[in-house]
Amino acid sequence: MSETQTPLDRSGYPDVDPVAGARVFADTMAGRRSVRHFSDEPVPREAIEQIIRAATLAPNGANKQPWRFVAVSEPALKRKIRVAVENEERAFYEHRASDRWLDDLAPLGTDASKPYLDVAPWLIAVFKLAKGDDGSQVYYANESVGIAVGLLLAAAHHAGLATLTHTPSPMGFLADVLERPKNERAFLLIPVGYPASDARVPVKALARRDLSEVLDVR
Ligand code: IYR
């Protein structure tokens, strides 16, 4: 019978003081901002590949890896995505969104116009598998892909690159434009690149609740 277990390679864990290690990472992530004003400065394909590699290392249900990533840099395809996104967003801002939702968005200053989808050198479309490619079952797909995207955003930040977690809704058009198989569901669209030199970010989005408000230690 073949072994199902193997000794843990502890060298995979940094030998670091846990307080210092955790603080350094949190301090790094404190510099992250969602950016809507990108520079068109190119980003090497290999950087995108390594960022996505980090995402694919996420823990996930039964190691089914229920994610697929499409990294788009072709201008014509970015344009096609922008046109499709702006169609959906116009419907969202003009009638789909509730008044309350629009009120909540007002401090972000967003609208249906998404020029960053042309400008950012890369758009990463993230898809979640509803079924495996062979029709097999996947488990905890939302959790798995959510964790993977968290690692992706942290990896991009670690590489000095800005991201935006863009959620056009509904997002079905993304699978159509990118000609994805039937078992994939669009999960997020993530522009990646350098922030524009004159990039601005919403004041409100900078504020985070104090840890004591969101953490209950017992
Ligand atoms: N998808 C729209 C609206 C939007 C919704 C939320 I929730 C945000 O945090 C930001 C935007 C848009 O991209 O404009």
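Read-outs throughout are calculated quantities, based only on the coordinates presented, and are distinct from any laboratory measurement. All values derive from a computational prediction rather than experimental measurement. Glycine gets a Cβ as well: all are built from the backbone with ideal geometry, and neighbour counts include every protein chain shown.
Do we find that ALA54 is part of a helix (DSSP H, G or I) and either within 16 Å of the ligand (Cβ to nearest atom) or free of Cβ contacts under 8 Å to residues at least 24 places away in the same chain (or both) in this structure?
no
Name the single residue that is nearest to the ligand (Cβ to nearest atom) among those in the stretch 144-195 being of a type in the set (Ser, Thr, Tyr) and under 14 Å from ILE48 (Cβ atoms).
Going through the qualifying residues, I end up with THR163.
Could you tell me whether ALA130 is within 16 Å of the ligand (Cβ to nearest atom) and under 22 Å from HIS166 (Cβ atoms)?
No: the conditions fail for ALA130.
Taking only pairs six or more apart or across chains, which ones have beta-carbon atoms under 8 Å, a first residue in the stretch 100-119 that is under 16 Å from VAL85 (Cβ atoms) and touching a residue at least 40 places away in the same chain (Cβ under 8 Å), and a second residue that is more than 10 Å from the ligand (Cβ to nearest atom) and of a type in the set (S, T, N, Q)?
These pairs meet every condition: VAL119/SER39.
Out of all the residues in the stretch 201-218, which are in a loop (DSSP other than H, G, I, E, B) and without any contact (Cβ under 8 Å) to a residue 24 or more places away in the chain?
ALA207, ARG208, ARG209, ASP210, LEU215, ASP216, VAL217, ARG218
Considering only the stretch 64-72, I want to know if a residue exists there that is among the basic types (Lys, Arg), more than 19 Å from LEU161 (Cα to Cα), touching a residue at least 40 places away in the same chain (Cβ under 8 Å) and not in a helix (DSSP H, G or I).
Scanning the stretch 64-72 turns up at least one residue that is among the basic types (Lys, Arg), more than 19 Å from LEU161 (Cα to Cα), touching a residue at least 40 places away in the same chain (Cβ under 8 Å) and not in a helix (DSSP H, G or I).
Hey, among ASP134, ASP198, which residue is in a loop (DSSP other than H, G, I, E, B) and touching a residue at least 24 places away in the same chain (Cβ under 8 Å)?
Of the residues listed, the single one that is in a loop (DSSP other than H, G, I, E, B) and touching a residue at least 24 places away in the same chain (Cβ under 8 Å) is ASP198.
Name every residue in the stretch 137-155 that is without any contact (Cβ under 8 Å) to a residue 40 or more places away in the chain and over 10 Å from the mean Cα position of the chain (by Cα), in order of residue number.
Passing the criteria: only ASN142.
Select from the stretch 88-110 the residues that are surrounded by 12 or more Cβ atoms within 10 Å (Cβ to Cβ) and in a loop (DSSP other than H, G, I, E, B) and write down the one among them that is nearest to the ligand (Cβ to nearest atom).
Per the criteria, the residue is THR110.
Being part of a loop (DSSP other than H, G, I, E, B) and in contact (Cβ under 8 Å) with a residue 40 or more places away in the chain is the filter here, so list the residues in the stretch 73-87 that pass it.
Residue satisfying the conditions is SER73 alone.
Could you look through the stretch 181-199, keep only residues that are within 15 Å of PRO115 (Cβ to Cβ) and of a type outside the set (Asp, Glu), and pick out the one that is surrounded by the fewest Cβ atoms within 10 Å (Cβ to Cβ)?
Looking at the filtered set, the residue picked out is ALA199.
Taking the criterion of being surrounded by 13 or more Cβ atoms within 10 Å (Cβ to Cβ) and more than 29 Å from GLY135 (Cα to Cα), would at least one residue in the stretch 65-75 satisfy it?
Within the stretch 65-75, one or more residues are surrounded by 13 or more Cβ atoms within 10 Å (Cβ to Cβ) and more than 29 Å from GLY135 (Cα to Cα).
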